[in-house]
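Inspection log for the structure reproduced underneath, given as structure tokens.
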Amino acid sequence: QVQLVESGGGLVQAGGSLRISCAASGRTFSSYTVAWFRQAPGKERDFVAATSWFGGITVYADSVKGRFTISRDNAENTIFLEMNSLKPEDTAVYFCAATNRKSTTDLADFSSWGQGTQVTVSS
């Protein structure tokens, strides 16, 4: 099992930028895909971005494409989400997740989850 801990959330004005991090520990070698999901109050948890732990393949939700960038530091076992041109609708709790499945963005496929970090974008 992989343990995930998010950090770096906060309050930012619309149009601003924020970078959140996810530190992984445990059996990280068994996690082929790592991803970010987000959940706004009263809404379902939605996919944001994913990357393969090895190989550099990245996938983004249409709503964040061109504004968000997912990256990883394998040496530090850390995943990042760089968020630019933030909008009030980006306000949510952001969760880091991992799975041993390849090429998936389906929430149900992810077995390891962090506790989440709050991102609030003011208008």
Output the number of residues of segment 2-50 satisfying the condition of being of a type in the set (S, T, N, Q) and either touching a Phe, Trp or Tyr at 6+ places or on another chain (Cβ under 9 Å) or at positive phi (or both). 5
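Please verify whether L86 is part of a loop (DSSP other than H, G, I, E, B), crowded, with 17+ Cβ neighbours inside 10 Å and either on the phi < 0 side of the Ramachandran plot or modelled with pLDDT under 95 (or both), treating the condition exactly as stated.
yes
May I ask you to verify whether V48 is at pLDDT 95 or above, open to solvent by 50 Å² or more (accessible area, probe 1.4 Å) and not small (G, A, S)?
No; evaluated as a whole, the condition is false for this residue.
So that you can scan it fast, the table gives a plain yes or no per residue for (1) over 21 Å from S123 (Cβ atoms); (2) among the hydroxyl-bearing types (S, T, Y); (3) in a loop (DSSP other than H, G, I, E, B); (4) modelled with pLDDT under 95:
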| site | (1), (2), (3), (4) |
| --- | --- |
| V12 | no, no, no, no |
| G15 | no, no, yes, no |
| A24 | yes, no, no, yes |
| W36 | yes, no, no, no |
| G56 | yes, no, yes, yes |
| V64 | no, no, yes, no |
| I79 | yes, no, no, yes |
| V93 | no, no, no, no |
Residue list for segment 89-104, restricted to those being surrounded by 13 or more Cβ atoms within 10 Å (Cβ to Cβ) and closer than 18 Å to I20 by Cβ: D90, T91, A92, V93, Y94, F95, C96, A97, A98
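Here's the yes/no breakdown for (1) open to solvent by 30 Å² or more (accessible area, probe 1.4 Å); (2) over 23 Å from A75 (Cα atoms); (3) of a type in the set (A, V, I, L, M):
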residue: G16; (1), (2), (3): no, yes, no
residue: C22; (1), (2), (3): no, no, no
residue: R27; (1), (2), (3): yes, no, no
residue: A40; (1), (2), (3): no, yes, yes
residue: E44; (1), (2), (3): yes, yes, no
Matching residues in segment 95-109 (modelled with pLDDT under 95 and either aromatic (F, W, Y) or in contact with a helix residue (DSSP H, G or I) (Cβ under 7 Å, 6 or more places away or on another chain) (or both)) number 3
Identify the residue in segment 51-70 that is within 19 Å of L4 (Cβ to Cβ) and in contact with a Ser or Thr (Cβ under 7 Å, 6 or more places away or on another chain) and, among all such residues, is surrounded by the fewest Cβ atoms within 10 Å (Cβ to Cβ). T58
Looking only at segment 95-117, count every residue that is over 12 Å from the mean Cα position of the chain (by Cα) and in a strand (DSSP E or B) and tell me the total. 2
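The values are calculated or read from the model by the stated rules, or taken from the named source; none is laboratory data. Keep in mind that what you see is a predicted model, and the values were worked out from it rather than measured. All Cβ positions, even for glycine, are placed from backbone atoms using ideal geometry, and neighbour counts span all protein chains on display. Heavy atoms of the whole protein, side chains included, go into the accessibility calculation; ligands, DNA and RNA do not. Shrake-Rupley method; radii C 1.70, N 1.55, O 1.52, S 1.80 Å.
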